[in-house]
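Please treat every number below as a calculation from the coordinates, not as lab data. Since this is a predicted model, take the numbers as computed values, not measurements. Counting neighbours? That spans all protein chains shown, and the Cβs are built from the backbone with ideal geometry, glycine included.
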Amino acid sequence: MRTFTKTALAKELDRARGAGWDKACADAEKAARLPAALLLAVASQETDMNDVVGDGGHGRGLFQIDDRSHRDFLARSGAAGAGGKPPVQVAARYAADLLRWNWDFGERSGVPERDRLHFALSAYNAGGGGALAGYREGDSDKRTTGGDYGRSVLARWAVYQELLGVEPPPPLLRRGSRGKRVEELKARLEAWYAKHAPDAWAGFRIEPGRSYGVRVEAVVRDFQTRTGLEVDGVAGPDTQRALARGRKPRSR
């Protein structure tokens, strides 16, 4: 993993703000339903936040969009010629769309929710097929540059979230988890069942407290089944959002 410091990333963020790239990234993330600050982390990994031509002339611009794989996009954005770079605002939208496609491809390919963000980042470097082959061998980063591309971006992303004051996505809650978030999850589940399946809740015999045991896993699985989510007994962001928004049961 390429080393970096918080100080270095803070300087990168200042450069992005000075050029308006932070807003371009934020707008693209919102449009593609990506977590905040993710594109900044990708740009940091790719170019240390510099709008340059790299990789022997093949990597174009802030996000190093490769002319061998994305020739049509570069042509449309006026950057097909040697040394061409797409406008950052346009490139940010394209990079965000690539990550969203990777994310959805991972879902279609059976990558569980807890691994999809890492998978999408691996695929940005290795392509969907490369990331999927690596994932099936135990690590979606296996075919990426350095064998750790996704992990490296995630590490930078955590720092950018801190620098921007962005609240990170809720952590995965699973069997063995403990704490206030588990207690809140139980309360939301109880409220949801009281509204949508009042006769079912008592059967799970959920005890109050801050531990995520077998019974909580069972009710999470049931909730996921009832609402059409991936059924794995893990309360990841999708499950927690569905509870927070009061997602209705799917019709049977």
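When TYR193 is evaluated against the numbered criteria (1) farther than 26 Å from GLU107 by Cβ; (2) among the hydroxyl-bearing types (Ser, Thr, Tyr); (3) surrounded by fewer than 17 Cβ atoms within 10 Å (Cβ to Cβ), which criterion, by number, is the only one it fails?
Checking TYR193 against (1) farther than 26 Å from GLU107 by Cβ; (2) among the hydroxyl-bearing types (Ser, Thr, Tyr); (3) surrounded by fewer than 17 Cβ atoms within 10 Å (Cβ to Cβ), the one that fails is (3).
Looking at region 32-39, can you tell me whether even one residue there is over 29 Å from GLU113 (Cβ atoms) and among the small types (Gly, Ala, Ser)?
no
Please find, within region 123-148, the residue that is farthest from the chain's Cα centre (by Cα) out of those that are surrounded by fewer than 17 Cβ atoms within 10 Å (Cβ to Cβ) and in a loop (DSSP other than H, G, I, E, B).
Restricting to residues being surrounded by fewer than 17 Cβ atoms within 10 Å (Cβ to Cβ) and in a loop (DSSP other than H, G, I, E, B), the top hit is GLU137.
Just need a number here: residues in region 71-91 that are surrounded by 18 or more Cβ atoms within 10 Å (Cβ to Cβ) and either farther than 17 Å from ALA16 by Cβ or in contact (Cβ under 8 Å) with a residue 40 or more places away in the chain (or both).
Final tally of qualifying residues: 5.
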